[in-house]
Every structure is written in C-alpha cells, then in structure tokens.
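Contents: one structure, followed by commentary.
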Amino acid sequence: MKRFFNLIIFIFLTLLTQIGGIVFLLCFPIFAYFKGRIQAKFLRFCLQVFSFCFFYMVFAISIVPPLAKMGGRVPLPISHKTLKPLNLLTCIFNRHYVVPTLKKTVLSVADKIELQYPNTVVLYLDANFPFVYGFPLLPHLSHNDGEKIDFSFCYKNRKTLSPVNDSPSFIGYGICEEPQENEENRPGNCEHLGYYQYNMLRKIVPQFRKKDFLFDAGKTRSLVALFAEEKTVGKIFLEPHLKTRLLLGEYPKIRFQGCQAVRHDDHFHVQLK
C-alpha cells in the first residue's frame, strides 16, 4: 500500500512539475533518516515535506535552467519590466520554458506594447516544461515542444477605469469574455456537439472577481495584433467572436483552435508554427 501511495505521489509530481517525481525519489534517503530518528509522526511529516520543498527549489533554480538550455529551452523571466507570470506558481512548477526564438519574440512584443501603453506588463500563463519533446503539459493538448505559450487578456479596474496588470482569474483561465447576442457563440456550439471539456474551466474557476475587472478591448487588440505581425509567430488561437469584436480579421494567423481543445475567450495562445 505504501509503494502504491508513493507511486501516486511520483506520478502526480511528475505531471505537475516534470521534475518533482525525480526529486521525490532522491529524497527517500532523507525520509528514511527522519523515520529512524523522529518518533512524532506529524513532526516527521513536516520535516519530510520541508526537505522535499527545499531540494525541489534547489533543483528548479540552480540545476534545471542550465540543463534545459543544453536541450534548447530557456525560462521566461520571473520579474521583468514588461513581462512576468500572472501567477508565480507557473514558474515554481517549471511551466515557463520556451525555445530561445519564442522568448526573444515575447520580450520584443512586451517592449512594443509598453511603448504604446506605458507601464503595461504582459502577463504570461502556461508555456512548456523544460525537458523532453512531446512531454505533456496537462491539461493542454499542444504545449509540449517549447514553441507554445498562453497570455492573459488586458483589463481595467471596473470602478476607476484605470489599467491594471492583473487578471480576474488567479490562474488566468476560466473567466471568459462571453459572446454577445449578435456574435457567434462557438463555446455554446462546441458544448452542444458533445465537447464538454470546452467549457469546463468556466464552470470550475470561481467567478467572484469578474465584477471588479473590465475587459480592455483596445489594449488586448494591440497586444494580439503585435504578435500576429511577428514573422516568427505561426498561429494565434482566439475565439471567433473576439476576433470579430476586436477587428482582427486582417490577420490570418489568428484562428479557431477547434472544439477538441478548450475555449479561448479567457486567454489567447501564441505559437511559432
């Protein structure tokens, strides 16, 4: 039973962070040391958790980046004037790695949008894991080669109408800019066709912060357009009703991702090819 429990932890940590399962295995001698010397179960458990977290962070900060670079992937900045993760957990879980070309493109666009809208910080969401072509970044279908990344939309404070570098969703997903009555309702159509996962995050993520934010259509349009104008960018996924609303029809790179994925009116997806 204990081996089965450890296997479940190993699989969970690997799927969540890619390296967590390996660090968990490497901590077994430390766990055994605590078991042989500390009788209080709760104290022993706390020390085991602390030791895992400590060694995990050592690996994530000191060992993973240079090894990933050897394999062709680099981390996006955690703190930058024009670019940062919406949620720090994205970086802690190693979900912020991309190929150098994509990193250069993202930083370039972030600098350009800041020139148009001073003090703007582009907020990135999930990108890719640091290692292994094809390793899945769940729940995404395609973030497995270092060439994909998601971004938050731009918002204003609903009361003051001032720009904010934040999102109504703490993870950046699940709070959507719904189709209006005169717009194409692709999310509804996909769910009607039986693709129930399409709207799943919309039903799971708490919606209480939505009332405090106002979708910044102008800035979001400029941001998406800047990516569409980059020669290195091959595709951008955005819901059809937002492509129409934001007057982005001139950009063929912006397209519908298909009902087999999830809705893209809570974020937009950028990839190299």
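The values are calculated or read from the model by the stated rules, or taken from the named source; none is laboratory data. What you see is a predicted model; the values in this text were computed from it and never measured. Don't worry about glycine lacking a Cβ; one is built from the backbone with ideal geometry, like all the others, and counts go over all protein chains shown.
What the table shows:
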{"quantity": "Number of the exception - P66 against (1) closer than 27 Å to G174 by Cβ; (2) under 22 Å from the mean Cα position of the chain (by Cα); (3) not aromatic (F, W, Y)", "calculated": "(1)"}
{"quantity": "Every pair of residues 6+ apart whose Cβ atoms lie under 6 Å, when the first sits in the range 134-163 and is in the same structural domain as A228 (by TED's automatic domain parsing) while the second is of a type in the set (K, R) and modelled with pLDDT of 95 or more", "calculated": "S142/K148; G146/R73; C154/K219; P163/K156"}
{"quantity": "Residue identified as without any contact (Cβ under 8 Å) to a residue 60 or more places away in the chain, more than 31 Å from the chain's Cα centre (by Cα), in a helix (DSSP H, G or I) and surrounded by 15 or more Cβ atoms within 10 Å (Cβ to Cβ) among R3, R44", "calculated": "R44"}
{"quantity": "Every residue from the range 130-168 that is touching a strand residue (DSSP E or B) at 6+ places or on another chain (Cβ under 8 Å), assigned to a loop (DSSP other than H, G, I, E, B) and loosely packed, with under 14 Cβ neighbours inside 10 Å", "calculated": "L161, S162"}
{"quantity": "Residue identified as touching a Lys or Arg at 6+ places or on another chain (Cβ under 6 Å) and surrounded by 16 or more Cβ atoms within 10 Å (Cβ to Cβ) among Y124, Y56, Y97", "calculated": "Y97"}
{"quantity": "Test for K211: is it buried (at least 16 other Cβ atoms within 10 Å of the Cβ), in the same structural domain as F153 (by TED's automatic domain parsing) and part of a helix (DSSP H, G or I)", "calculated": "no"}
{"quantity": "Answer from T105, T90 - the residue that is hydroxyl-bearing (S, T, Y) and either closer than 23 Å to I171 by Cβ or in a strand (DSSP E or B) (or both)", "calculated": "T90"}
{"quantity": "All positions within the range 24-45 that are among the hydrophobic types (A, V, I, L, M, F, W, C) and under 18 Å from K2 (Cα atoms)", "calculated": "F24, L25, L26, C27, F28, I30, F31, A32, F34, F42, F45"}
{"quantity": "Residue that is surrounded by 15 or more Cβ atoms within 10 Å (Cβ to Cβ), more than 22 Å from L138 (Cα to Cα) and among the β-branched types (V, I, T), where the choices are I19, I30", "calculated": "I30"}
{"quantity": "Selection status of L248, touching a residue at least 60 places away in the same chain (Cβ under 8 Å) and within 17 Å of I113 (Cβ to Cβ)", "calculated": "no"}
